[in-house]
Amino acid sequence: MAIDGLIILDSAGRPIIQSGFHSVPPAYPILHIDALNNALSAASRPDDVDPVLSVPSLTIDAPSACCHAKVADMRLLCPISGDVDPLYAFAFMQTFVDILRDYFGQLSAETLKENFDVVYQLLEETLDSGGHPLTTSPNALRDIVLPPSLLNKVLSVAGVSGLATPLSNSQPFASPIPWRKAGVRYNNNEIYFDVAETLEAIINKNGTPAASNVWGRIESNCKLSGTPDLLLTFSNFQSLTDCSFHPCIRLQRWARDKTLSFVPPDGHFKLMEYRYAPASASTMHQVAVPFSLRSSIQLQEHGGSFDVTLSSRLTTRAMDSVTIELFLGEGASGASCISSHNASWSFDLRTLTLKWELKNVQPSGNYTLRGTFTSTTQIPRPSRAFRVRFDIMQHTFSALKIDQLKLAGEMYKPYKGMRGRSAGDIEWRW
Amino acid sequence: MDFNAISENASRLGARLQETFSEHTRDLNLARASSSAYLDNPEEKVKNIKKQLDSNSDREKLEAMKRLIALISKGRNVSEFFAHVVKNVASHNLEVRKLVYIYLLRYAEQEPDLALLSINTFQKDLSDPSPLIRAMALRVLSGIRVPMIGSIVVLAIKKCAADISPYVRKAAALAIPKCYSLDPSHQPELITIISTLLRDRSPLSAGSVAVAFSEVCPTRLDLLHPHYRRLCRTLIDVDEWGQVDLLNLLTRYARTMLPRHTVSADSGAEEIDSDLKLVLTSAEPLFQSQNPSVVLAVARVFYYLGPPSEVSKVVCPLLRLLPTAPEVERVVLAHLGTVLIGIQQALSPFYNRLLVRADDVRQVKKDKVRLLCAVISTDNYQPLLREFITYADDTDDELVADAIRAIGYCARLIPDSTQQCLTALMSFIQSKYDVVVAHAVLVLKSLVQIRLQSPVSASISASTSTSPLSIIARLAWRIDEIHHPKARACVLWLVGQYAAVETQENGASLHAGIEGVADWAPDVLRKSVKSFAAEAPIVKLQILTLAAKLLVLCPTDRTLELLSRYAFALARYDLDFDVRDRARMLSSLLSGVNAAVVHDGESYEDPGGVTLRREQVRMILFEGKLGVSEPSDFGMSGSAVISRIVGLT
């Protein structure tokens, strides 16, 4: 399995960063960039482009494809050819994006341009010229490629850049554990767990759920000295299914007694992912959607009118940044609405989507949006469903709790912190 | 030591520092854009690069190297600087050296002769105390594509294969395929190195060794005999990318070297070789990997090697991947589609994870409908049918078509659902969207045909409102509302084909229609002949066929004769070649039935040849139809190669 290379395009479709393409004709990467740009400009909606584009190959026997994904305002693009699984390319892209996030925080074409030398070093270390991923663990990479920091910049301006490297106390590839740096020291030893859960549901016209699943993710930020060996137990692990784990987790231990035993990497990492399936699953859909949506949409020639009401079913909590989106169909040309509570609405001419944003939805609150839209097609055909997204802070659907965190191998007592956050992505059919 | 001297020195140093700082005020714009300034390179700066590379200051060199990398990222060919860059490969500054290596890795292939000049430096770097430099030196060395140095590279690989750092051993393994592709004559030595590396206890290099093995000696699976079990056991400690490569290699080994599982015919008990079992049990925990490509690699192991009872284990892990990212969802769904045959049973409880969302990518929608069709059973057809009916409102025409076809498929697969399906399809006929009407008509046509062909069901449902003939009647009445050419043609064909009625049952006393013809048929002909000129060619052809069929059924009727004559007259002067041709053929067929149609009231001389009798013409027009032509199975053929591009695009 090997990919052919990696290209990063800016929002205008021009390459910013490009890995070396060896043993292929120089036209090969350009062919793929063109294929993607053409597909994007031909698509009526930008999201409608197939993530795996077939690209006419230069040789007959090896079909090639262009795997691409949107990241912030950029597009990552991975040409593959021959008998290669596109999933391999997407997995590598995801890993590379995670590494870039780890290095630069918020990503944008501008950040990458500012730090292009670091990006090139990262690319060279993570991808062999044969297309095989090399070092992708952020901990090992930080020893090889220095993250950009103000100190480094000051030193390099003062003309003493060479000094920066020996300052770090660990040699590259010195750690016996591939995912953990050697010789980490902290004054305060702390580890934080962020539990983020997303409710993905589809609600039928009559308000009953057609599907509803809660996907959870535990992100961790570890600031522990030395080589700590942790043992983490949850109070309600029975309801976690379809789990996946960071490579540091000892899988046999989880299989045996459902405890997480691991030597954590240093810094941020994704500890595990799971699906929340309530243990007492007498009915198939346990988690209720925390709001209800009533809508009436009348279609006329060249337009239509709508009246949407969102009411919160929560009694104590507020929902944050609720967005309700409706694709108004090909040819939609404009909309005008009146919204209660001074909430904002907008109509995007590029995506033809009406968007209604509520910054804060109070418990048991009712919010309405009334309006009309116009369309150039005679019989407008808006999407059959609203897409509703929301956040609820300090709350998880599963009420997952850490029972206890034991530490072996080091002498100190760590501080542990945990917080929850949940989000929803609901399709509400009307 | 007098204080003055020190203070003087200090102030001088201060002044000096200030000088340096002010000299580079542009760079001091620290907060932003210090590096991106390199990206807009004015030409004179480019000219300056050579001088900077030759200077003594590390700072100058570093700046020059950054400019070069910036030029590379702008897509400019900067191989002209190769000679100057290569001089700096022995720089003491690690940062400069890394950038030099990045440059070299990119251009060593294009400038092999110049790279040869510095080959000593690379060889010296192979003994550098830093494993990073050792690995990089080997990577550059193996990247120089000059067959002449092949043996030097082999020696370097050999040296690195015995390195104490597993990272360097990994680099050695990855260098092997490059060396081999450069000069295949080194194969024997490289195979020796590979078998050394196979003995490596560290899991770090295992994946890269698998890569080297598959490229240099894919058929020498016998080399793996002593290592197979150990490799299986270390699988879990290998890095994620290595796991993918190693799993592929182990799968190939197991398929070639190990006996397949057997299922005894009478008891159904499965027997499985212990070594085969080993690879399955060692791979199974990796289903829990966060890397989707590892999960797929494990799924591949189970699909190819697992006994029937274990193949279904792939379902849950693959479904888990769906919500992770839209791109992953797209690929995994396609893979689920390929392995469908063995896992239908296991997939069906999870059908609600496959429901189509309005904002899915088009290909995802297609694949989901296909999978949903595959899991339809008597237990779950109700909710699935409701889903398909919902999808018919989608904004994507292709999904609408797929969903309506799925309803037809459901009707055929599960007899109980037929009534519901037909009701849904009939309601689609009244939709204001053309595409919905068109596809509903097409599906109805094949359903009607199937039911009329199987005598049992036809007789059962003859009385209800959704009996085949009453469906045709309702379609016939709605002909004005059906605009899609294909659907119109389809309705016309249906009307013509099934217009015959038994005369003895509903005689003239029942209604004032034309004898032998269903009462709704002539009006369809009247309406369509009226709009003949504006129809699409495919519809015109069917209008002619309809006219011919009705005339054969009742040759004596005056109205039918006039309508047909009009149609044939129009067709004779049509612009479309096919329409004229069809008209000529049908009219000469009909010459024995009703001569007036052929000759359009004028007298022509007899062209000669055989004139067919009415019964014969009827036979030709109505009988011997092919069965239903409908892509019925949603591509459920057994093409079962998992994870290929071809299957996806």
- Unique residue being buried (at least 16 other Cβ atoms within 10 Å of the Cβ), touching a residue at least 40 places away in the same chain (Cβ under 8 Å) and not in a loop (DSSP other than H, G, I, E, B) when the list is A:314, A:299: A:299
- Message: I'd like to verify a number: residues in segment A:61-82 that are under 19 Å from residue A:22 (Cα atoms) and either part of a loop (DSSP other than H, G, I, E, B) or of a type in the set (Asp, Glu) (or both), how many?
- Response: 4
- Residue in segment A:114-143 that is farthest from the other protein chains (Cβ to nearest Cβ), counting only those that are of a type in the set (A, V, I, L, M, F, W, C) and in contact (Cβ under 8 Å) with a residue 60 or more places away in the chain: A:127
- Return the only residue of A:42, A:35 being free of Cβ contacts under 8 Å to residues at least 12 places away in the same chain, surrounded by fewer than 22 Cβ atoms within 10 Å (Cβ to Cβ) and aliphatic (A, V, I, L, M). A:42
- Task: Tell me, please, whether a residue that is closer than 19 Å to residue A:96 by Cα and within 13 Å of chain B (Cβ to nearest Cβ) can be found in segment A:43-59.
- Result: yes
- Query: Which one of A:3, A:33 is outside any helix (DSSP H, G or I), β-branched (Val, Ile, Thr) and either more than 8 Å from chain B (Cβ to nearest Cβ) or over 29 Å from residue B:365 (Cα atoms) (or both)?
  - Reply: A:3
- Task: Report, by residue number, each residue of segment A:344-383 that is surrounded by 14 or more Cβ atoms within 10 Å (Cβ to Cβ) and part of a loop (DSSP other than H, G, I, E, B).
- Result: A:351, A:352, A:362, A:365, A:377, A:379, A:380, A:381, A:382, A:383
- Query: All but one of (1) touching a Leu at 6+ places or on another chain (Cβ under 7 Å); (2) within 11 Å of chain B (Cβ to nearest Cβ) hold for residue A:77; which doesn't?
  - Reply: (2)
- Can you tell me which residues in segment A:219-266 are part of a loop (DSSP other than H, G, I, E, B) and on the phi > 0 side of the Ramachandran plot? A:226, A:258
- Enumerate the pairs (first residue in segment A:86-113 and within 8 Å of another protein chain (Cβ to nearest Cβ); second residue anywhere and surrounded by fewer than 24 Cβ atoms within 10 Å (Cβ to Cβ) and hydroxyl-bearing (Ser, Thr, Tyr)) with beta-carbon separation below 7 Å, excluding pairs fewer than 6 apart on the same chain, so at least 6 apart or on different chains. A:95/A:136; A:113/B:36
- Can you tell me how many residues in segment B:120-168 are touching a Leu at 6+ places or on another chain (Cβ under 9 Å), of a type in the set (Lys, Arg) and either at pLDDT 85 or above or assigned to a helix (DSSP H, G or I) (or both)? 3
- Query: If you go through segment A:389-418, how many residues are more than 14 Å from every other protein chain (Cβ to nearest Cβ), surrounded by 13 or more Cβ atoms within 10 Å (Cβ to Cβ) and part of a strand (DSSP E or B)?
  - Reply: 10
- Task: Go through (1) in the same structural domain as residue A:274 (by TED's automatic domain parsing); (2) over 26 Å from residue A:200 (Cα atoms); (3) not small (Gly, Ala, Ser) one by one and return the number of the condition residue A:418 breaks.
- Result: (2)
- Message: Being over 15 Å from residue B:440 (Cβ atoms) and surrounded by fewer than 16 Cβ atoms within 10 Å (Cβ to Cβ) is the filter here; which residues of segment B:478-493 pass it?
- Response: B:480
- Do you know which of the residues in segment B:516-550 that are part of a loop (DSSP other than H, G, I, E, B) and touching a residue at least 24 places away in the same chain (Cβ under 8 Å) is nearest to the chain's Cα centre (by Cα)? B:536
- Item | Odd one out for residue B:555, checked against (1) assigned to a helix (DSSP H, G or I); (2) in contact with a Leu (Cβ under 9 Å, 6 or more places away or on another chain) | (1)
- Search result, residues across segment B:54-97 that are within 11 Å of chain A (Cβ to nearest Cβ), farther than 16 Å from residue B:108 by Cβ and assigned to a loop (DSSP other than H, G, I, E, B): B:57, B:74, B:75, B:91, B:92, B:93
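Conditions (1) in contact (Cβ under 8 Å) with a residue 60 or more places away in the chain; (2) closer than 23 Å to residue A:147 by Cα; (3) touching a Leu at 6+ places or on another chain (Cβ under 8 Å), marked per residue:
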residue	(1), (2), (3)
B:74	no, yes, yes
B:79	no, no, no
B:82	no, no, yes
B:85	no, no, yes
B:93	no, yes, yes
B:97	no, yes, no
B:100	no, yes, no
B:104	no, yes, no
B:110	no, no, no
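The values are calculated or read from the model by the stated rules, or taken from the named source; none is laboratory data. Just so we're clear, the structure is a prediction, and the values are computed from it rather than from any experiment. Virtual Cβ from ideal backbone geometry, glycine too; neighbours counted across all protein chains shown.
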